[in-house]
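Participant: Submitted below is the structure of interest, expressed as structure tokens.
The values are calculated or read from the model by the stated rules, or taken from the named source; none is laboratory data. All values derive from a computational prediction rather than experimental measurement. All Cβ positions, glycine included, derive from the backbone under ideal geometry; neighbour counts span all protein chains shown.
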Amino acid sequence: MTQHSPMEPTKVDVAVIGAGPAGMAAAVTASKAGLSVALLDEGQSLGGQIYRNIENGTPFRDGILGRDYVAGRTLAQSLRASDVTYLPRTTVWNISTDNMLDLSRDGSSSQLIADKIIVATGAVERPSPMPGWTLAGVTTVGALQILLKASGVVQEDAVLVGSGPLMWLVAAQMISAGTPPKAIVETTPKGRMAQAMPHILQALKGHRYLTKGLSMIRQVRGAGIPIYNAATNVRINGGEVAESVTFISKGKEHTIHSNHIALHQGVVPNQQVTRLLRCDHKWDASQHCFRPVLDGQGKTSVPDVYVAGDGAGIGGAKSAALMGRLVALAIAQEKGKALPERVDRLEAALASDGAVRPFLEAMYAPAPQFVKPAKETIVCRCEEVTAGAIQEAVDLGAPGPNQVKSFLRSGMGPCQGRVCGLVVASIIAERRKASMDETGYYRIRPPLKPIPLSELANFQPLEVAQK
Amino acid sequence: MTQTADLIVIGGGIHGSSTALFAALRGMSVIVIEKDTVARHASGVNAGGVRRLGRHLAEVPLSQHSMEIWYGLQDMLGADCGFQIAPQIKVAENEEELDRHRARVQTLNRMGFYHETILDQPQVRHYLPAVADHVVGGLASLRDGFAQPFWTTTAIARKATQAGVVFKEGERVLSLKRETDWTVTTDQDIYQAPKVLNAAGAWAGALAGSLGEYAPVEAIAPMMIVTARLPKFCDAVVGATGRPLSFKQMPNGTVVIGGGRRGRADTATNTSEMLFPELRNTAATAMDIFPIMRGATIVRSWSGVEGRMPDDIPVIGPSALHDGLYHSFGFSAHGFQMGPGTGETMAGLIETGATQFDLSAFAIDRFAPPNT
Amino acid sequence: MAKRIENTGEPVQFTFDGQTVTAQSGDTVAAALTAAGIDILRSSVVSGAPRGVFCMMGTCFECLVEVDGVPNRQACQVPVTEGLTVCSQQGAPEVLEASA
Ligand SMILES: Cc1cc2nc3c(=O)[nH]c(=O)nc-3n(C[C@H](O)[C@H](O)[C@H](O)COP(=O)(O)OP(=O)(O)OC[C@H]3O[C@@H](n4cnc5c(N)ncnc54)[C@H](O)[C@@H]3O)c2cc1C
Ligand code: FES
């Protein structure tokens with residue numbers, strides 16, 4: 001593998017964006033098939049979200065993070081052993097229709113041109129808008145896990161608020177680390193088990209996940225942590241920083257004091273790159289998110305652009321890696337290369353790994369409080385736009401997120417709608433009694449990440465003829 | 001069923017919408033047909049400069065007229081257009097540039113226009129305290145301004161609707177035919193009217209061409225970049241003289257930078273695309289003229305599809321071939337300010353057949369078709 | 001309160017608003033500040049309300065700080081290095097007045 005080589009490639013067969021399980025697997029497989037591959041990730045190390053910091057694990061941390069985490073090391077090793085050019089700390093901030101990638105690395109910008117682009121940019125946490133969620137000290141549950149994985153830092157006496165497998169996993173990891181959460185405020189509404197049951201037979205094919213999930217929940221309960229079920233009316237109180245969280249559970253109002261409140265409502269595909277490229281997207285009613293429209297081989301509606309991993313729809317790390325390999329094979333085939341492994345086996349493995357999903361999706365669909373937040377709740381954190389203001393803009397005639405953005409600046413701040421996008425769209429859809437597909441999503445414009453004006457002035461573009 | 005009106009306007013940008021509004025105020029019945037949504041293209045996404053400064057001499061009278069309407073526009077529309085009066089200043093980076101400005105002011109004065117004035121070095125510093133030391137002066141129009149393009153264009157359309165104009169959004173005109181009246185066929189309906197205005201922006205050339213009138217409209221994609229908020233340091237809209245730049249700090253502190261450089265425009269897909277390498281010099285110019293910009297961060301960009309004529313001034317006026325057909329397009333990246341005034345003028349021309357303005361410089365037949 | 005359960009890197013010192021913070025090599029600025037018990041990194045450009053780390057993964061842009069004079073850097077994406085000068089970003093109060 002080449003890294004930090006003085007001559008970085010300017011033209012490759014395949015550019016893979018994102019070095020999580022999907023991206024690493026896609027890069028290795030494409031490279032094995034004889035294609036030249038660049039793997040780009042803005043992070044400092046291989047691994048993406050789940051396998052964050054995987055190459056620097058210690059036995060102590062491995063013990064806390066568990067077997068599923070450690071499994072990523074093999075993938076990282078195969079990448080290191082391959083011919084892939086891995087570029088860490090490299091942010092792809094624009095891609096133009098001629099497959100030219102604008103990159104920022106160590107404070108300077110340059111370009112790379114690729115025949116094929118694999119978007120493996122994973123998932124982001126679904127927003128949990130609620131009163132007080134902008135206070136300092138309020139983070140996502142994922143943020144706590146990143147602290148633990150990357151720096152061995154744990155937040156003591158944190159209160160976890162939300163639902164979904166990742167919240168239970170992080171609670172279990174915090175217990176193993178000797179710093180259990182102070183309480184868990186579960187927001188999964190009553191009656192979800194009944195809605196999920198029709199999927200249980202299929203889910204049993206993926207019983208490994210069910211068993212793991214149940215044992216995590218058991219571990220957390222066994223540790224004696226207070227757990228409040230089916231919480232509603234959740235709000236965070238505080239002046240400068242978070243001081244407590246208040247909610248109703250079993251008909252009673254509770255307030256728990258903590259300066260560290262962590263929120264979670266599951267994860268959703270990170271749409272920034274596929275939206276920037278104007279790929280077609282469709283609303284997935286089961287996963288409650290937009291997904292890029294793909295053929296069976298990860299190909300989007302835009303020529304030469306593919307998606308693998310959670311960015312294609314939430315499937316977890318194992319599915320992400322399998323899909324990464326499948327997409328790489330599809331490209332290899334198109335390029336007339338001999339395939340290093342069999343497609344049908346991968347497809348079967350992918351189907352079996354995904355069996356548990358419909359059950360989880362029915363069980364952990366976001367609670368209504370977070371899809372239709374109360375009027376005074378801030379939805380767009382960057383520009384401090386409330387749910388009520390968005391409703392008013394709709395009443396003034398704004399038919400979709402882009403017009404609401406023009407009226408209110410929601411989604412115009414530095415996060416470019418990454419946090420508020422889905423909630424803004426669902427508030428508009430609700431108000432107009434329109435479907436999510438009719439309502440649509442923000443148009444995403446470059447730069448995907450802010451770049452200094454001085455960096456643009458010193459931009460070093462490739463001197464190739466533009467088509 | 002065929003719908004009829006006195007006037008059919010093709011295009012729901014600021015020119016189509018404001019002509020429709022003023023025509024309705026004159027008592028005409030008007031239908032506006034827009035293939036996407038009102039303000040979706042150049043009129044809703046431009047830089048918002050309300051600028052008389054530095055215009056082509058042929059445009060000055062119409063632009064001046066438009067400015068007078070702008071001052072009262074928000075009251076007239078009963079809506080917030082984000083309009084603010086502010087100086088527009090073209091800074092001169094050397095004496096030679098300043099001399100060119102001096103000559104221009106003399107020419108304008110001879111024509112009877114006094115809105116542009118010369119700023120010497122202390123004056124330019126007074127208006128632009130953050131300007132770089134090497135700037136020697138500038139050309140200013142102190143009562144120009146800026147507005148929110150999307151708010152403005154949609155407010156004009158709302159007012160037009162109140163005045164009885166019917167907007168047909170999401171409908172594309174497929175063909176135009178003239179018998180006694182014009183028959184306009186869209187992908188959804190058929191309309192008839194004695195008069196038709198082609199205000200179809202970057203798409204207007206094809207429409208004129210389909211009626212045998214040659215109008216070489218080039219689709220261009222002006223590019224704008226926006227920085228994160230900065231402390232307030234500039235109240236004026238600023239341009240450079242010797243190199244392309246348009247520069248404006250918004251009331252919320254963000255700085256919008258554009259100027260000359262073009263991205264990729266595609267009229268078939270309605271899309272435009274940023275080409276960042278083209279903005280290298282613009283970024284450098286902004287930092288040269290305002291050293292505070294060396295610490296700025298770009299958070300957003302946008303571009304839109306605009307129609308440009310080879311001589312960079314629009315086509316405004318009656319068709320050279322057909323009765324009852326009028327054109328108002330090709331504003332070449334500076335038509336936002338002209339919107340209200342041109343709309344008012346065109347409405348008068350369409351209703352009465354006459355106007356006080358000399359539109360000969362904007363005539364459609366000034367372009368010779370190739371190979372003839 | 002944040003607690004570091006394992007020391008794997010070398011000690012690295014940097015400053016945040018003039019205060020010396022000891023971190024570990026491999027930390028991001030955001031992780032180091034969190035470990036040091038610092039939860040407020042900036043104030044909102046709109047209301048001036050205090051804000052801190054939210055997602056830790058580069059998505060939310062809540063952690064914007066000035067690093068060695070360059071504003072708007074994501075603290076959760078910038079690795080700590082010895083002697084780094086990090087400053088909190090204070091809204092844009094003058095700007096608010098101007099637009100009010
Ligand atoms: C915070 C969080 C914590 C999670 N924890 C767990 C867990 O403990 N266990 C579990 O089973 N699942 C977890 N998940 C789900 C798990 O992350 C996914 O199922 C899996 O990692 C998907 O793999 P991927 O390769 O698709 O994406 P990822 O692993 O997310 O990889 C995507 C990569 O793309 C990079 N990237 C994005 N945009 C750009 C750009 N413009 N330029 C350059 N690089 C870019 C990112 O830096 C990232 O490294 C978590 C998810 C999140 C969001
Ligand atoms: S904490 Fe969200 S971007 Fe850094």
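Participant: Of the numbered conditions (1) within 7 Å of chain A (Cβ to nearest Cβ); (2) without any contact (Cβ under 8 Å) to a residue 24 or more places away in the chain; (3) more than 22 Å from residue A:413 (Cβ to Cβ), residue C:2 satisfies every one except a single condition; which is it?
Facilitator: For residue C:2, the exception is condition (2).
Participant: For the range C:66-87, indicate whether the set of residues that are of a type in the set (Val, Ile, Thr) and without any contact (Cβ under 8 Å) to a residue 24 or more places away in the chain is non-empty.
Facilitator: Taking every residue of the range C:66-87 in turn, at least one turns out to be of a type in the set (Val, Ile, Thr) and without any contact (Cβ under 8 Å) to a residue 24 or more places away in the chain.
Participant: Among the strands (runs of 3 or more DSSP E) contained in the range C:49-98, which hold 2 or more residues that are within 16 Å of ligand 1 (Cβ to nearest atom), hydrophobic (A, V, I, L, M, F, W, C) and modelled with pLDDT of 95 or more?
Facilitator: In the range C:49-98, no matching strands (runs of 3 or more DSSP E) lie anywhere.
Participant: Which of (1) within 28 Å of residue B:113 (Cβ to Cβ); (2) modelled with pLDDT of 95 or more is the odd one out, the single condition residue B:24 does not satisfy?
Facilitator: Going through the list (1) within 28 Å of residue B:113 (Cβ to Cβ); (2) modelled with pLDDT of 95 or more, residue B:24 breaks only (1).
Participant: Looking only at the range A:417-467, count every residue that is among the aliphatic types (A, V, I, L, M) and within 15 Å of ligand 1 (Cβ to nearest atom) and tell me the total.
Facilitator: Counting residues in the range A:417-467 that are among the aliphatic types (A, V, I, L, M) and within 15 Å of ligand 1 (Cβ to nearest atom) gives 5.
Participant: Would you pick out the residues in the range A:276-309 that are more than 15 Å from ligand 1 (Cβ to nearest atom) and within 14 Å of chain B (Cβ to nearest Cβ)?
Facilitator: Scanning the range A:276-309 gives A:278, A:280, A:301, A:302, A:303.
Participant: So for the range A:149-159 (the condition being within 13 Å of ligand 1 (Cβ to nearest atom), among the small types (Gly, Ala, Ser) and not assigned by the TED database to the domain that holds residue A:41), does at least one residue qualify?
Facilitator: Taking every residue of the range A:149-159 in turn, at least one turns out to be within 13 Å of ligand 1 (Cβ to nearest atom), among the small types (Gly, Ala, Ser) and not assigned by the TED database to the domain that holds residue A:41.
Participant: As an exercise: evaluate residue C:31 against (1) within 7 Å of chain A (Cβ to nearest Cβ); (2) within 15 Å of ligand 2 (Cβ to nearest atom); (3) of a type outside the set (Val, Ile, Thr); (4) free of Cβ contacts under 8 Å to residues at least 40 places away in the same chain and give the number of the one condition it does not meet.
Facilitator: With respect to (1) within 7 Å of chain A (Cβ to nearest Cβ); (2) within 15 Å of ligand 2 (Cβ to nearest atom); (3) of a type outside the set (Val, Ile, Thr); (4) free of Cβ contacts under 8 Å to residues at least 40 places away in the same chain, residue C:31 is out only on (4).
Participant: I would also like to ask the following. Restricting attention to the range B:131-175, which residues are of a type in the set (Val, Ile, Thr) and outside any strand (DSSP E or B)? Reasoning before the result, please.
Facilitator: First, pick out the residues of the range B:131-175 that are of a type in the set (Val, Ile, Thr): B:131, B:135-136, B:152-154, B:156, B:161, B:165-166, B:173.
Correct list: B:131, B:135, B:136, B:152, B:153, B:154, B:156, B:161, B:165.
Participant: Keeping to the range A:20-43, report how many residues are within 13 Å of ligand 1 (Cβ to nearest atom), more than 27 Å from residue A:171 (Cβ to Cβ) and of a type outside the set (Val, Ile, Thr).
Facilitator: The number of residues fulfilling the criteria is 10.
Participant: Restricting attention to helices (runs of 4 or more DSSP H) lying wholly within the range A:349-418, give those where 1 or more residues are farther than 24 Å from residue A:232 by Cα and of a type in the set (Phe, Trp, Tyr). Reasoning before the result, please.
Facilitator: Values: elements: A:357-363, A:368-371, A:387-395, A:401-408.
Output list reads A:401-408.
Participant: Hey, does the range B:210-221 have a residue that's within 30 Å of residue A:449 (Cβ to Cβ) and crowded, with 23+ Cβ neighbours inside 10 Å?
Facilitator: Yes, that holds for at least one residue.
Participant: Further question: Just to be sure, is residue A:432 closer than 21 Å to residue A:386 by Cα and at the interface with chain B (Cβ under 10 Å from one of its Cβ atoms)?
Facilitator: no
Participant: While we're looking at this one, here's another question. If a residue has to be part of a helix (DSSP H, G or I) and among the β-branched types (Val, Ile, Thr) to count, how many in the range A:143-181 make the cut?
Facilitator: 3
Participant: So which pairs qualify, if the first residue must be in the range A:139-163 and more than 7 Å from chain C (Cβ to nearest Cβ) and under 18 Å from residue C:23 (Cα atoms), the second must be of a type in the set (Gly, Ala, Ser) and within 10 Å of ligand 1 (Cβ to nearest atom), the Cβ gap must be under 9 Å, and the two must be at least 6 apart or on different chains?
Facilitator: A:149/A:47
Participant: Working carefully through the options A:35, A:65, find the one that is of a type outside the set (Asp, Glu) and either under 30 Å from residue A:109 (Cβ atoms) or within 16 Å of ligand 2 (Cβ to nearest atom) (or both). Reasoning before the result, please.
Facilitator: On the way: A:65 fails: either under 30 Å from residue A:109 (Cβ atoms) or within 16 Å of ligand 2 (Cβ to nearest atom) (or both).
Just a single option satisfies the conditions, and that option is A:35.
Participant: Out of the range A:79-136, which residues are farther than 30 Å from residue A:231 by Cβ, within 19 Å of the chain's Cα centre (by Cα) and within 14 Å of chain C (Cβ to nearest Cβ)?
Facilitator: Those that are farther than 30 Å from residue A:231 by Cβ, within 19 Å of the chain's Cα centre (by Cα) and within 14 Å of chain C (Cβ to nearest Cβ): A:88, A:89, A:90, A:91, A:92, A:93, A:121.
Participant: Still on this structure: Looking at (1) within 30 Å of residue A:349 (Cα to Cα); (2) more than 14 Å from ligand 1 (Cβ to nearest atom); (3) in contact (Cβ under 8 Å) with a residue 12 or more places away in the chain; (4) surrounded by fewer than 22 Cβ atoms within 10 Å (Cβ to Cβ), find the lone condition where residue A:189 falls short.
Facilitator: So residue A:189 meets the others, but not (1).
Participant: Please verify whether residue A:459 is more than 24 Å from residue A:264 (Cα to Cα) and either away from every other protein chain (no Cβ under 11 Å) or not basic (Lys, Arg) (or both), treating the condition exactly as stated.
Facilitator: So residue A:459 fits the description; yes.
Participant: Could you count how many residues in the range C:51-87 are more than 13 Å from ligand 2 (Cβ to nearest atom) and within 19 Å of residue B:231 (Cβ to Cβ)?
Facilitator: Qualifying residue count, the range C:51-87: 5.
Participant: So, residue A:303, is that one in contact with a helix residue (DSSP H, G or I) (Cβ under 7 Å, 6 or more places away or on another chain) and either over 21 Å from residue C:59 (Cβ atoms) or modelled with pLDDT of 95 or more (or both) or not?
Facilitator: no
Participant: Could you name every one of the strands (runs of 3 or more DSSP E) located completely within the range B:257-323 that has at least 3 residues being touching a Phe, Trp or Tyr at 6+ places or on another chain (Cβ under 8 Å) and either of a type outside the set (A, V, I, L, M, F, W, C) or more than 10 Å from every other protein chain (Cβ to nearest Cβ) (or both)?
Facilitator: On the way: elements: B:264-266, B:271-273, B:297-303, B:306-308, B:315-318.
Correct list: B:315-318.
Participant: Yes or no: residue B:86 within 30 Å of residue B:150 (Cβ to Cβ) and either in the same structural domain as residue B:21 (by TED's automatic domain parsing) or in contact (Cβ under 8 Å) with a residue 40 or more places away in the chain (or both)? If you could, list the steps in order and put the result at the bottom.
Facilitator: Values: within 30 Å of residue B:150 (Cβ to Cβ): yes; either in the same structural domain as residue B:21 (by TED's automatic domain parsing) or in contact (Cβ under 8 Å) with a residue 40 or more places away in the chain (or both): yes.
For residue B:86, the condition - within 30 Å of residue B:150 (Cβ to Cβ) and either in the same structural domain as residue B:21 (by TED's automatic domain parsing) or in contact (Cβ under 8 Å) with a residue 40 or more places away in the chain (or both) - is met.
Participant: Kindly check whether there is at least one residue in the range A:148-159 that is closer than 30 Å to residue C:47 by Cβ and within 13 Å of ligand 2 (Cβ to nearest atom). Reasoning before the result, please.
Facilitator: Our first condition is that a residue be closer than 30 Å to residue C:47 by Cβ; within the range A:148-159, this holds for A:153, A:155-159.
From the residues that got through so far, the ones that are within 13 Å of ligand 2 (Cβ to nearest atom) too are none.
No, the range A:148-159 contains no residue that is closer than 30 Å to residue C:47 by Cβ and within 13 Å of ligand 2 (Cβ to nearest atom).
Participant: Here's something else I'd like to know. Select from the range C:34-46 the residues that are more than 13 Å from ligand 2 (Cβ to nearest atom), within 17 Å of residue A:415 (Cα to Cα) and assigned to a loop (DSSP other than H, G, I, E, B) and list them in ascending order.
Facilitator: C:44, C:45, C:46
Participant: Separate question: Quick one: which of A:376, A:384 is outside the structural domain of residue A:188 (by the TED database), more than 28 Å from residue A:437 (Cβ to Cβ), touching a residue at least 60 places away in the same chain (Cβ under 8 Å) and out of contact with any helix residue (DSSP H, G or I) (no Cβ under 9 Å at 6 or more places or on another chain)? Break it down stepwise before answering.
Facilitator: Working: A:376 fails: out of contact with any helix residue (DSSP H, G or I) (no Cβ under 9 Å at 6 or more places or on another chain).
Going through A:376, A:384 in turn, just one is outside the structural domain of residue A:188 (by the TED database), more than 28 Å from residue A:437 (Cβ to Cβ), touching a residue at least 60 places away in the same chain (Cβ under 8 Å) and out of contact with any helix residue (DSSP H, G or I) (no Cβ under 9 Å at 6 or more places or on another chain): A:384.
Participant: Can you tell me which of (1) crowded, with 21+ Cβ neighbours inside 10 Å; (2) more than 30 Å from residue B:92 (Cα to Cα); (3) outside the structural domain of residue B:353 (by TED's automatic domain parsing); (4) not polar (S, T, N, Q) is the one residue B:191 doesn't meet?
Facilitator: Failed condition: (3).
Participant: If you don't mind, there's one more thing I want to ask. Give all pairs with beta carbons closer than 6 Å in which a residue from the range B:42-57 that is more than 11 Å from residue B:334 (Cα to Cα) meets a residue that is part of a helix (DSSP H, G or I); count only pairs at least 6 apart in sequence or on separate chains.
Facilitator: B:44/B:149; B:44/B:150; B:44/B:153
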